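Undergrad: Could you have a look at this structure, given as structure tokens, before my questions?
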Amino acid sequence: MNKLVVYFSYTNHTREIANRIKEKLNCDILEIKTIIPYSKYYQSVIHDE
């Protein structure tokens, strides 16, 4: 059976963990990206102002 790690990372922390999992499983990896990038300011992302 083929394995694939699929992830989304806003701050790159999830990217680091996904890459560790990829190495352990020896499989492919795919990053989900937004069409319109999120703001660099976290508070504006979590608050609808």
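Undergrad: Restrict the check to region 40-48 and report whether at least one residue is in contact (Cβ under 8 Å) with a residue 24 or more places away in the chain, part of a loop (DSSP other than H, G, I, E, B) and not basic (K, R).
TA: The answer is no; no qualifying residue exists.
Undergrad: Considering region 23-49 alone, what residues qualify as being among the basic types (K, R) and more than 13 Å from the chain's Cα centre (by Cα)?
TA: Of everything in region 23-49, those that are among the basic types (K, R) and more than 13 Å from the chain's Cα centre (by Cα) turn out to be K24, K40.
Undergrad: Every residue in region 1-29 that is loosely packed, with under 10 Cβ neighbours inside 10 Å and not hydroxyl-bearing (S, T, Y), please.
TA: Matches in region 1-29: M1, N2, N12, H13, K24, N26.
Read the figures in this text as sums done on the coordinates, not as results from a lab. These numbers come from a predicted model, not from an experiment. Note: ideal-geometry Cβ built from the backbone for every residue, glycine included; neighbour counts use all protein chains shown.
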